Amino acid sequence: MFANLIAAATSFPTAIYTVLLGVVLVYWLLAIVGMVDFESSGIDLDIEAHADASADDLGAIASYVVAFGLSGVPFSIVVSLLVLVGWTLSCLAAVTLQAWIPTDILRWVAGLAILAVSAALSLVITARIVRPLRGLFVHHTAQSNASLVGQTCKVLTGVVDERQGRAEVAQRGASINVRVWSPSPNTLKRGDTALITEYDAGTHRYLVMPMPPA
């Protein structure tokens, strides 16, 4: 059974998903060690903020994301779920169906059908998985978060620099997860306590500094 699974994962059409799954795994390994910020790869539906991109292209991407019910969470999570679900469906179909197909030509035709069906079903399944996750990625506006300046926060990412950084600010009832940055080099790392010193309304990020020694 294991040999059949390996054969299915490395043959058409599942091999396409297998390559994509490898890319996704590398991405999340980099996210775990703090080299990338998984929330920074989301699709920004504010088209005017992308001065160097085509508004038509961005609008089309945004409309598809919303239409398929994939909005509300970082796009990196959506892509990861799409690849994982598609790989699982394609692999199961290859194991159970393609072994019964007698000729190579029919196997390629069946492979194209499996690729199309697994891609379509992965959209439906991913949309259902994403729905309960949206509450975990609520973005707060500047008006509600401007008062955070002067408070302390706990760093959540492996590094904080000019490009990336997330931190948690303790509040009554529930903590607030915010985007932060700090000039490099600095000593900030996951679990450190930092001081919020400034809010940038243009990028919706907070400037943080390491806490001075007691």
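In table form, for the structure just shown:
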{"item": "Meets criteria (free of Cβ contacts under 8 Å to residues at least 40 places away in the same chain and either closer than 21 Å to Ala31 by Cα or within 23 Å of the chain's Cα centre (by Cα) (or both)) for Ser147", "result": "no"}
{"item": "First in the range 1-23 and in the same structural domain as Leu97 (by TED's automatic domain parsing), second anywhere and surrounded by fewer than 16 Cβ atoms within 10 Å (Cβ to Cβ) and of a type in the set (S, T, N, Q), Cβ under 9 Å, 6 or more apart", "result": "Thr18/Thr10"}
{"item": "Test result for Arg128, under 17 Å from the mean Cα position of the chain (by Cα), surrounded by fewer than 15 Cβ atoms within 10 Å (Cβ to Cβ) and of a type in the set (D, E, K, R)", "result": "yes"}
{"item": "Tally, over the range 162-206, of residues that are farther than 26 Å from Val73 by Cβ and outside any loop (DSSP other than H, G, I, E, B)", "result": "4"}
{"item": "Boolean, Ser175 is under 23 Å from the mean Cα position of the chain (by Cα) and buried (at least 18 other Cβ atoms within 10 Å of the Cβ)", "result": "no"}
{"item": "Top-ranked residue of the range 1-48 - restricted to ones that are within 25 Å of Ile114 (Cβ to Cβ) and assigned to a loop (DSSP other than H, G, I, E, B), ranked as modelled with the lowest pLDDT", "result": "Met1"}
{"item": "Any hit, the range 194-205, residues being of a type in the set (Asp, Glu) and free of Cβ contacts under 8 Å to residues at least 24 places away in the same chain", "result": "yes"}
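The values are calculated or read from the model by the stated rules, or taken from the named source; none is laboratory data. Not measured: the values here are computed from a predicted model. Quick reminder, even Gly has a Cβ in these numbers, built from the backbone with ideal geometry, and neighbours come from all protein chains shown.
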